[in-house]
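Undergrad: One structure follows; several queries about it will come next.
The values are calculated or read from the model by the stated rules, or taken from the named source; none is laboratory data. What you see is a predicted model, and the numbers here were worked out from it, not measured in a lab. Methodologically, a virtual Cβ is constructed for each residue, glycine included, from the backbone with ideal geometry; neighbour enumeration extends over all protein chains shown.
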Amino acid sequence: MTWVTAETKLDFFPHPLPHRILPPLQKQAPCKMMGRIGFGPRPFVLVPLYIYPSPKSWEPLFVAARSYPSQEFGVIVNPDNGPGSFPAPDCNYLRDLLELSSLNNVTILGYIYCSYGDRALAEMETDIQVYRGWIGQSVCLPDPRQPEADSSKSTPGGSVRIDGIFVDEVPFETEYIDYLTSISQVVKESLGGSDKGPSIVIYNPGIFVEPAFYGLADYIVVFENAASEWGSQYVRENLAQLTQDLRRRSVAIAHSQGCIEEQLQFREDVVSAGFAGHFSTAMPGYTRFCTNWEDYIRDVDDGWSKTKRDTMQI
């Protein structure tokens with residue numbers, strides 16, 4: 001299989017991606033797909049939650065998850081370009097992570113990055129182990145980063161769960177297969193699993209990659225770009241070569257949408273293409289919810305309900 005060249009990939013917060021060219025890639029032998037039981041048959045919404053949890057700042061997500069309990073959400077938490085160096089989340093993070101952990105339709109993913117293959121494996125393993133240390137937390141620990149914080153404040157019941165890892169800045173070259181395999185192995189061995197199933201690994205190269213990559217992760221973000229790029233020749237031609245099996249392990253993320261109609265059309269296109277997950281925002285980054293968030297999630301639910309009705313009529 002020969003993949004079409006990507007002339008540009010526009011990236012943004014938190015790590016700008018330089019201009020790069022995707023060379024023609026060689027056909028790979030069929031790969032064993034990792035797979036994971038957790039997300040149901042309907043496409044999930046992958047939310048990059050790069051928002052500090054000051055009181056009520058995550059409320060739009062909580063409301064959406066409670067309002068649409070049949071809709072799965074994959075939520076990426078990113079306190080400090082990763083978990084940060086402190087072994088426990090601060091009191092604000094703990095409060096809202098406990099709330100997320102209580103929602104059965106939310107899968108919580110810790111953010112790490114690999115600098116397109118330049119970051120040391122040991123550094124990423126340290127990040128993964130920090131996230132592992134969060135699992136089971138239920139009491140806010142004294143935090144030197146916030147000496148004025150009252151660690152005795154009550155928090156919601158239950159304990160924190162981390163269901164997997166979202167790996168950003170993933171290289172697209174096949175020479176990094178062993179490197180990426182090591183990352184996935186550390187995640188699977190360190191996090192184990194939760195009541196939602198085995199831990200999940202999502203890679204984000206942001207562009208289409210060789211089929212071999214699907215044997216290393218549960219899902220691949222094959223598009224992360226400005227919404228206007230979704231209709232490009234690069235996307236159309238690579239999408240035409242992506243098999244249905246691989247589409248069911250693929251995710252598309254669009255930012256800088258011009259209006260709600262464009263957001264809804266993007267969602268419809270991605271779901272119709274058979275992708276596993278999607279996300280769309282009118283914002284140029286992920287540091288706050290866009291004003292169209294409620295309409296987008298309502299359309300996600302309405303669209304799935306229509307799909308079920310149409311299927312039943314066939």
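Undergrad: Enumerate the pairs (first residue in region 71-90 and closer than 22 Å to F279 by Cα; second residue anywhere and hydrophobic (A, V, I, L, M, F, W, C) and assigned to a loop (DSSP other than H, G, I, E, B)) with beta-carbon separation below 6 Å, excluding pairs fewer than 6 apart on the same chain, so at least 6 apart or on different chains.
TA: Short answer, once both residue conditions are applied: E72/F39.
Undergrad: Take the residues in region 182-205 that are in a helix (DSSP H, G or I) and among the hydrophobic types (A, V, I, L, M, F, W, C), then tell me which one is farthest from F172 (Cα to Cα).
TA: Among those residues, the one meeting the criterion is L191.
Undergrad: Looking for whichever is in a strand (DSSP E or B), charged (D, E, K, R) and either modelled with pLDDT under 90 or touching a Gly at 6+ places or on another chain (Cβ under 7 Å) (or both) here; the options are E224, E148. Which one fits?
TA: Going through E224, E148 in turn, just one is in a strand (DSSP E or B), charged (D, E, K, R) and either modelled with pLDDT under 90 or touching a Gly at 6+ places or on another chain (Cβ under 7 Å) (or both): E224.
Undergrad: Now, a different point. Across region 99-133, what is the number of residues that are in contact (Cβ under 8 Å) with a residue 12 or more places away in the chain and either under 16 Å from the mean Cα position of the chain (by Cα) or closer than 18 Å to L191 by Cβ (or both)?
TA: 22
Undergrad: With among the acidic types (D, E) and more than 24 Å from I135 (Cα to Cα) as the only criterion, which of D218, D195, D245 stands out?
TA: D245
Undergrad: Considering region 103-131 alone, what residues qualify as being outside any strand (DSSP E or B) and hydrophobic (A, V, I, L, M, F, W, C)?
TA: If the condition is that a residue be outside any strand (DSSP E or B) and hydrophobic (A, V, I, L, M, F, W, C), then L103, C114, A120, L121, A122, M124, I128, V130 are the ones that fit.
Undergrad: While we're looking at this one, here's another question. Of the residues K306, K196, which single one is touching a strand residue (DSSP E or B) at 6+ places or on another chain (Cβ under 7 Å), under 20 Å from R42 (Cα atoms), at pLDDT below 95 and basic (K, R)?
TA: The conditions single out K196.
Undergrad: Out of the residues in region 267-281 that are in a helix (DSSP H, G or I) and within 17 Å of the chain's Cα centre (by Cα), state the one that is farthest from D218 (Cα to Cα).
TA: Per the criteria, the residue is R267.
Undergrad: Further, regarding this structure: Cβ-Cβ below 7 Å, separation at least six or inter-chain, first residue in region 274-288 and closer than 11 Å to L49 by Cα, second part of a loop (DSSP other than H, G, I, E, B): which pairs?
TA: Qualifying pairs under 7 Å: G285/F12; G285/F13; Y286/F13; Y286/Y50; T287/F13; T287/Y50; T287/I51; R288/I51.
Undergrad: Just the residues that are surrounded by fewer than 20 Cβ atoms within 10 Å (Cβ to Cβ), in contact (Cβ under 8 Å) with a residue 60 or more places away in the chain and touching a strand residue (DSSP E or B) at 6+ places or on another chain (Cβ under 9 Å), please, taken from region 225-240.
TA: A226, E229
Undergrad: Within region 41-63, how many residues turn out to be buried (at least 21 other Cβ atoms within 10 Å of the Cβ) and over 17 Å from the mean Cα position of the chain (by Cα)?
TA: 1
Undergrad: List, please: which pairs have Cβ atoms under 9 Å, are six or more places apart or on different chains, and start with a residue in region 160-183 that is more than 18 Å from F73 (Cα to Cα) and modelled with pLDDT of 95 or more and end with one that is in a helix (DSSP H, G or I) and among the basic types (K, R)?
TA: Pairs that qualify, where the first residue is more than 18 Å from F73 (Cα to Cα) and modelled with pLDDT of 95 or more and the partner is in a helix (DSSP H, G or I) and among the basic types (K, R): there are none.
Undergrad: Of all residues in region 193-217 being surrounded by 22 or more Cβ atoms within 10 Å (Cβ to Cβ) and touching a Gly at 6+ places or on another chain (Cβ under 8 Å), which is nearest to Q257 (Cα to Cα)?
TA: Looking at residues that are surrounded by 22 or more Cβ atoms within 10 Å (Cβ to Cβ) and touching a Gly at 6+ places or on another chain (Cβ under 8 Å), I get I202.
Undergrad: Inspect all residues belonging to region 68-86 and state whether any of them is at pLDDT 95 or above, buried (at least 17 other Cβ atoms within 10 Å of the Cβ), touching a Lys or Arg at 6+ places or on another chain (Cβ under 8 Å) and among the aliphatic types (A, V, I, L, M).
TA: Scanning region 68-86 turns up no residue that is at pLDDT 95 or above, buried (at least 17 other Cβ atoms within 10 Å of the Cβ), touching a Lys or Arg at 6+ places or on another chain (Cβ under 8 Å) and among the aliphatic types (A, V, I, L, M).
Undergrad: Just the residues that are closer than 20 Å to D302 by Cβ and assigned to a loop (DSSP other than H, G, I, E, B), please, taken from region 45-84.
TA: Answer for region 45-84, where residues must be closer than 20 Å to D302 by Cβ and assigned to a loop (DSSP other than H, G, I, E, B): Y68, P69, S70, Q71, E72.
Undergrad: Just to be sure before I move on: is E169 in contact with a Cys (Cβ under 9 Å, 6 or more places away or on another chain) and under 19 Å from C114 (Cβ atoms) in the structure I sent?
TA: In short, yes.
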